[in-house]
Amino acid sequence: MSTSPPPTPPARPVLDDERRFKPIYSPCEWIEDYRPGGYHPVHLGDLFNNGQYRILRKLGDGSFSTVWLARDEVAARYVALKILVADASGQTNEVRMLRHLASSAAIEGKRHITQLLDEFEHRGPNGTHRCLVFEPMGPSVNTMVEELPQFNPRRFGMKVRYPPPMARSILKQCCQALAFLHENGVAHGDFHPGNMLFAVPDLDSVADEELLRQEENVRTASTSPPVERLDGKPDKWAPRYLCVAQPLAPFTHHDDAGFTIKLSDMGGAFFLTEPPSKPVLPIGLRPPELIVAGHVDKSLDIWSFGCLVFELVTGLPLFCVPGPRHEDDDHLLALNAEIGTLPDHLFSKWTTSSRYFTPDGRLYNCELGGVPEGKTEPLMVPQLSMEDMFDQAEVDIGEEEGRQVKKLIRRILQYDPAMRPSAAEILLDPWFAE
């Protein structure tokens, strides 16, 4: 085997034939993204900011960062350390938004948004990384549902979703957070369950030995197999191992009346006067005007909220868009079926609509991409409305409350952005006001 050092990996996303590592099948960030401009390699016990922050466990990861529980040795407290990829570290949008909210409404902001405590830069083999220090938070709404005692152990056929009172409380708190942001001139821009976090009530009061015992469990149970290059050479751009995310579920309250939800990740946020050209919102939560015309305003958050009312109550996404092949067609077909016929001003901008509709607007084909050449019969599938899908989910609520929820979703998901209610108006809806 050659003893020559490995070449520097490319400072761009890696193609399949350029992979340098053996596959890792643990649910972690992609190992090939440890490259110049990418993630910073982190190991448990690492120190940051001249020894101030000591890494204890991994809390999560995303396309642009990894997040770690750390001990602040100076302030004697636990914090969440978010380490951005080097390519995104020059962008200060998240810090800019958080500073604006802190200066305009600091006390109210603490109720609704995860708080920024510190920031610094760290230089590593993949570049200079912006590091943001936040208050530690518990699992996201996306993952906390799996920690509820009624779903442990999991049984075949079990519908894993929040109890209706808990779903309503989550949604109400998130709507209050959106109202706060919009009143202060900011849209969240990336509003989805992964960015809604359960608060951890006073983690610093947890006995040190309990958290350290949890830390030892993390060390032994949550690290993946060693990171190994295909050519057997050492790699200075990647860590020796990856860590599986271990949210702070054991220290999080989740009873129906005693939990707090805050919004996190303001990296996609924008001032209402400065809408972005390309928001980062997940595909299935995009409003129709964004899909066909690229239009963005604060009603982006409102549309996403309407979709999530359905999702949190039923446990199912309203619009499941696997993507990326024909993702816009897939989404628009679902909108047409579940919400209603697209109005002319949107339909006319759907450039591929003729693959599915006759010139007089009649649906004749549901096969993405159009009827394949040589196929005589187009594909047709049942067209279910949002209400039909809601009823099929068999939510454990009374008939009257079910009508309330469906009416609220229908009120929010209007094709005309100007007709959608504001977050403050949604909070006055009978379902939330009770």
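The values are calculated or read from the model by the stated rules, or taken from the named source; none is laboratory data. Please read all numbers here as calculations on a predicted model, not as lab measurements. Ideal geometry is used to build each Cβ from the backbone, glycine not excepted, and the neighbour counts take in all protein chains shown. Just so you know, the surface numbers come from the protein's heavy atoms only, side chains and all, with ligands and any DNA or RNA stripped out. Shrake-Rupley method; radii C 1.70, N 1.55, O 1.52, S 1.80 Å.
In the range 361-384, the count of residues that are modelled with pLDDT of 95 or more, in a helix (DSSP H, G or I) and under 23 Å from residue 286 (Cβ atoms) is zero. Consider the range 311-341 and keep the residues that are open to solvent by 10 Å² or more (accessible area, probe 1.4 Å) and β-branched (Val, Ile, Thr). The one that is modelled with the lowest pLDDT is 321. When residue 78 is tested against (1) open to solvent by 30 Å² or more (accessible area, probe 1.4 Å); (2) farther than 19 Å from residue 235 by Cβ; (3) of a type in the set (Phe, Trp, Tyr), only condition (1) is not met.
Check 374, 306, 284, 315 and return the single one that is in contact (Cβ under 8 Å) with a residue 12 or more places away in the chain and at positive phi. The match here is 315. Against the criterion of being surrounded by fewer than 20 Cβ atoms within 10 Å (Cβ to Cβ), part of a strand (DSSP E or B) and on the phi < 0 side of the Ramachandran plot, residue 54 qualifies. Residues that are at pLDDT below 95, closer than 19 Å to residue 253 by Cα and of a type in the set (D, E, K, R) do not occur anywhere in the range 84-95.
Note on the range 349-360: residues that are within 25 Å of residue 294 (Cα to Cα) and either assigned to a strand (DSSP E or B) or open to solvent by 50 Å² or more (accessible area, probe 1.4 Å) (or both) amount to 6. Among the residues of the range 263-299, those identified as in contact with a helix residue (DSSP H, G or I) (Cβ under 6 Å, 6 or more places away or on another chain), under 22 Å from residue 66 (Cα atoms) and open to solvent by less than 20 Å² (accessible area, probe 1.4 Å) are 263, 264, 266, 269. Count of the range 246-275 residues, restricted to those that are at pLDDT 90 or above and among the small types (Gly, Ala, Ser), is 3.
Taking the range 387-434 and the helices (runs of 4 or more DSSP H) fully enclosed by it, the elements with 1 or more residues that are in contact with a Leu (Cβ under 6 Å, 6 or more places away or on another chain) and open to solvent by less than 70 Å² (accessible area, probe 1.4 Å) are at 423-426, 430-433. Look at the range 31-56: where a residue is closer than 17 Å to residue 130 by Cβ and free of Cβ contacts under 8 Å to residues at least 12 places away in the same chain and a partner is hydrophobic (A, V, I, L, M, F, W, C) and crowded, with 16+ Cβ neighbours inside 10 Å, sitting 6+ places away or on another chain with Cβ atoms under 8 Å, you get 46/55. Of all residues in the range 29-43, those that are hydrophobic (A, V, I, L, M, F, W, C), over 17 Å from residue 229 (Cβ atoms) and open to solvent by 20 Å² or more (accessible area, probe 1.4 Å) total 0.
Within the range 6-28, identify whether any single residue is polar (S, T, N, Q), surrounded by fewer than 16 Cβ atoms within 10 Å (Cβ to Cβ) and over 23 Å from residue 89 (Cβ atoms), and answer yes or no. Within the range 6-28 (the criterion being polar (S, T, N, Q), surrounded by fewer than 16 Cβ atoms within 10 Å (Cβ to Cβ) and over 23 Å from residue 89 (Cβ atoms)), the answer is yes, since at least one residue qualifies.
Yes/no matrix, rows are residues, columns are (1) at pLDDT 90 or above; (2) in contact with a Cys (Cβ under 7 Å, 6 or more places away or on another chain); (3) farther than 12 Å from residue 83 by Cα:
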{"site": "2", "(1), (2), (3)": "no, no, yes"}
{"site": "16", "(1), (2), (3)": "no, no, yes"}
{"site": "35", "(1), (2), (3)": "yes, no, yes"}
{"site": "39", "(1), (2), (3)": "yes, no, no"}
{"site": "55", "(1), (2), (3)": "yes, no, no"}
{"site": "65", "(1), (2), (3)": "yes, no, no"}
{"site": "72", "(1), (2), (3)": "yes, no, yes"}
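Before we move on, is residue 59 of a type outside the set (S, T, N, Q) and surrounded by fewer than 23 Cβ atoms within 10 Å (Cβ to Cβ)? For residue 59, the condition - of a type outside the set (S, T, N, Q) and surrounded by fewer than 23 Cβ atoms within 10 Å (Cβ to Cβ) - is not met.
Is it the case, given these coordinates, that residue 248 is open to solvent by 10 Å² or more (accessible area, probe 1.4 Å) and not hydroxyl-bearing (Ser, Thr, Tyr)? It is false that residue 248 is open to solvent by 10 Å² or more (accessible area, probe 1.4 Å) and not hydroxyl-bearing (Ser, Thr, Tyr). Annotation note: Cβ proximity below 7 Å between a residue of the range 414-434 that is among the hydroxyl-bearing types (Ser, Thr, Tyr) and a residue that is assigned to a loop (DSSP other than H, G, I, E, B) and surrounded by fewer than 15 Cβ atoms within 10 Å (Cβ to Cβ) (sequence gap 6+ or interchain) occurs for 415/343.
Tell me, please, whether a residue that is open to solvent by 20 Å² or more (accessible area, probe 1.4 Å), modelled with pLDDT of 90 or more and touching a Ser or Thr at 6+ places or on another chain (Cβ under 9 Å) can be found in the range 209-229. No, the range 209-229 has no match at all.
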